[in-house]
1. Beyond 18 Å, how much of the Cα-Cα pair distribution for the range B:168-313 remains, as a whole percent?
2. How many times 2.2 N^0.38 Å is the alpha carbon radius of gyration of the range A:103-166?
3. Could you tell me which helices of chain A pass both thresholds, a Cα extent of 20 Å or more along their own axis and a mean Kyte-Doolittle hydropathy of at least 0.5, with helices taken as whole DSSP H runs?
4. Determine the distance separating the Cα centre of the range A:5-62 from the Cα centre of the range B:66-84; give it in Å without decimals.
5. How high is the relative contact order of the range B:218-313, given as a whole-number percent (alpha carbon pairs under 8 Å, six or more residues apart)?
6. Over the range A:1-106, what per residue volume does the convex hull of the Cα atoms give, in whole Å³?
7. With a bin width of 20 angstrom, please list the P(r) values of the protein assembly as shown as percents of all Cα-Cα pairs, from the 0 bin to the one holding the largest distance.
8. Expressed in whole Å with the largest first, what are the equivalent ellipsoid semi-axes of the range A:100-245 derived from the C-alpha gyration tensor as the square root of 5 times each eigenvalue?
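What follows draws every value from the coordinates through simple rules; no lab data is involved. Everything numeric in this text was worked out from a predicted model, so none of it was measured. Note that each Cβ is placed from the backbone with ideal geometry, even for glycine, and that neighbours are counted across all protein chains shown.
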Amino acid sequence: MSASVEICNVSKLFGNGVRALDKVSLTVAAGEVVCIVGPSGSGKSTLLRTVNRLETVTDGDVLIDGESIHTASKQLNALRQKAGMVFQQFNLFPHLSVIDNITLAPLKVCAEPVETVRQRAQQLLDRVGLGDRGDSYPAQLSGGQQQRVAIARALAMQPEVMLFDEPTSALDPEMVGGVLDVMKALASDGMTMLVVTHEMGFARAVADRVVFMESGRIEQIAQPEAFFEPANGSRLDTFLGQVLR
Amino acid sequence: MKSRWFWHGVYGFILLALAVSIYAASRTVDYTWRWDRVPDYIVAYEDADLRTTLTGIVEITDGRVQIIGTQDAAAAESFADLDEILVEDGDYVFDGDVIGSRSGWRIGPLAWGLVVTLQLSILALLFSVPIGLLAGLGRVSTNPAARNLAATYVEIIRGTPLLVQIFIFYFFVGTVLSLSRMTAGVAALAVFTGAYIAEIVRAGIESIPKGQMEAARSLGMSYGQAMRHVILPQAMRRTLPPMAGQLINLIKDSSLVSVIAITDLTKAGREVVNSTFSPFEIWFTVAGMYLVLTASLSLVIRRFELRLARADG
Ligand SMILES: Nc1ncnc2c1ncn2[C@@H]1O[C@H](COP(=O)(O)OP(=O)(O)O)[C@@H](O)[C@H]1O
Ligand SMILES: [Mg+2]
């Protein structure tokens, strides 16, 4: 069901000369939840996006379940299915109903029977608490509801890893809880999760490990209890002081 | 409220003043306006003679004329619904003789020209849309060959006059591939319009947020699947209005194919002018006919857009 992720020495140099990632290595065990925090522009999104190759790497590789993501070229689409991704801006397909948003990829990519896919989509909608909104269009939903649909859409491809890029940053505060609850449930089901977030409460409660990134490098990795311990004068302290206040 | 009517009045007054000055201008050049001739060149109610193609004996029963061939026993020819019969029962007629006449509506050359213009425009549109779609997809492709080919096509077509392109299509492409005038004309218009549609399609695709493609790809869809099921359906809605404008341009641009002797509305106008010596009336009429075509088209499109907008809401 869930798979491990090995990020091996990944570097990313953008065309404009920005070094977004500098020899980043991180191993996430199957079923583990790792939260990534850090200041804006530190390369968190870029790191996440190299995991399912939305971004190519300049150097290094990523292995999902031991399979290389960046050297394989032919089965790229098949490899991508292993990692579901949830975006800050939801990126639902506005021209499709909620149920069609969820069923589109399984129908077109896996050519599964319509009935199976519909059934699974309905189950997923129930699971994110939107069982009765299948016929709605994204624009008719609140931000929190859209993000939960986006999670259901990613889960419909039966991924082995879930990547979340600031899933609650674009939400009104009262919407955040519902999305985090869905993510917590997913974590306790044993899904491997990489979560870029500023929700320190979520990181403390759910994460097995927390990663602090700065300037394209992983500055610190620790278990939540240790991570949030004050260590005087460190950059992590300054950062935590800013987000927690 | 009062000031609004005032400005409507100003508008009407200016139009009237224009009409009067056009009339006054025409008085200075010793020209006799003969508007009464014009309708005949659009549709006319007139008599047409009907002639036999046989040599034989006339037989009339209940106003129905039959010619029984005498040279070939099996041959017979019959004429019904004649408004005037010019032969009598038992007459002996020869091949080519007038049997009678029938009056009815005839489509005049200007109306035929309009039909040809419509035909040209619709055919060219049907071909230009797939050409434009393909080139538009090429423009946004990451493949350098596709991208450069599409860009070159668009640059060449948009950088040269349509009139020159029509000549090239007719004299060069048409000769090499032995195309008919009509085919060459349609091809030139389709290739020309395709370049503009390509730019419309490109703009439509680029107006869709990048996140849509990323979401689709992250779900395992291929580039083609993402384009087809996610990007294009959204882009197409946004391209409908400029696409409709391009269709109206196409109708107007089609007038240029008259230079390769296709009898469209413009060429028909020229021919009618040559035989009537009423250039003022005919050219105003031709302009009016184009206007009716494009105006009714924009009306239909406006309706369609409103419906689409309502469906979106
Ligand atoms: N497509 C891109 N082209 C050029 N530079 C980029 C691109 N995407 C991100 N960057 C740069 O890479 C750095 C890291 O960006 P990002 O991974 O988005 O940071 P974070 O998600 O931590 O805020 C930033 O300096 C950003 O400006
Ligand atoms: Mg980011």
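1. Numbers: 7407 of 10585 pairs.
The answer is 70 percent, as a whole percent.
2. So the Cα radius of gyration is 1.10 times the expected 2.2 N^0.38 Å.
3. Result, helices passing both filters: A:173-188.
4. 91 Å
5. On the way: 27 pairs, mean separation 24.3, N = 96.
Once normalised by length, the contact order is 25 percent.
6. 140 Å³
7. 16, 32, 24, 18, 8, 2, 0
8. Numbers: eigenvalues 227, 54, 30 Å².
For the range A:100-245, the ellipsoid semi-axes come out as 34, 16, 12 Å.
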